[in-house]
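The next block holds one structure in the form of structure tokens; read it before the comments.
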Amino acid sequence: MLTETEIQEIVDRVSANLLIAKKEVLTLEEAALYLGFERSYLYKLTSRMVIPHSKPLGKKVFFQKGELDEWAKQNRIAPQREIHAKAAAYCQSNNIL
């Protein structure tokens, strides 16, 4: 059985996730939660200019949710069946084998 504290933590997490789902611009804390990263790792990505972000006043960091989605989809690793299908199609179209 869950304790009252554990229940409150779950309610707080659900509330935070619902707020994030409705927002287009996220703070660093929200973006870290959205991506499942630690705040320190997200700071590292921003300082290395690896992840798209903005600093309108030069200090506080903000993220466009759509840009985070696109960034997270980069470097997609195709499953083996997809690779085999593409290879077979290539071989067939080029009369290989």
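Key figures for this structure:
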{"read-out": "Residues of the chain: accessible area per residue with a 1.4 Å probe, Å²", "value": "82"}
{"read-out": "Heavy-atom accessible area ranking, 1.4 Å probe, most first, across Y43, Y90", "value": "Y90, Y43"}
{"read-out": "The chain, helix-only ellipticity at 222 nm - DSSP H runs n ≥ 4, -39,500 (n - 2.57), divided by all residues, nearest 500", "value": "-18500 deg cm²/dmol"}
{"read-out": "Stretchable slack from E6 to V25, in nm (0.36 nm times residue separation minus alpha-carbon distance)", "value": "3.9 nm"}
{"read-out": "Cα convex hull volume per residue for region 44-97 (Å³)", "value": "128"}
{"read-out": "Separation of the N17 and L57 label points, Cα + 7 Å toward Cβ, nm", "value": "3.1"}
{"read-out": "Accessible-area composition of the chain, carbon plus sulfur, in percent [1.4 Å probe]", "value": "57"}
{"read-out": "Tilt relative to the chain, helix 4-22 - C-alpha long axis, 0 to 90 degrees, to 10", "value": "60"}
{"read-out": "Calculated diffusion of region 1-80, Stokes-Einstein form, Kirkwood radius summed over Cα pairs, 20 °C and 1.002 mPa s, µm²/s", "value": "151"}
{"read-out": "Under-5 Å amide H pairs with V61, H placed in peptide plane, nonlocal only", "value": "L28"}
{"read-out": "Per-pair calculated FRET efficiency, R0 = 22 Å: E38 and A72 via Cβ, rounded to 0.05", "value": "0.90"}
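The values are calculated or read from the model by the stated rules, or taken from the named source; none is laboratory data. Here the structure is a predicted model, which means the values were calculated and not measured. Backbone-built Cβ (ideal geometry, glycine too); neighbour counts: all protein chains shown. Surface accessibility is based on the protein's heavy atoms, side chains included, excluding ligands, DNA and RNA. Shrake-Rupley method; radii C 1.70, N 1.55, O 1.52, S 1.80 Å.
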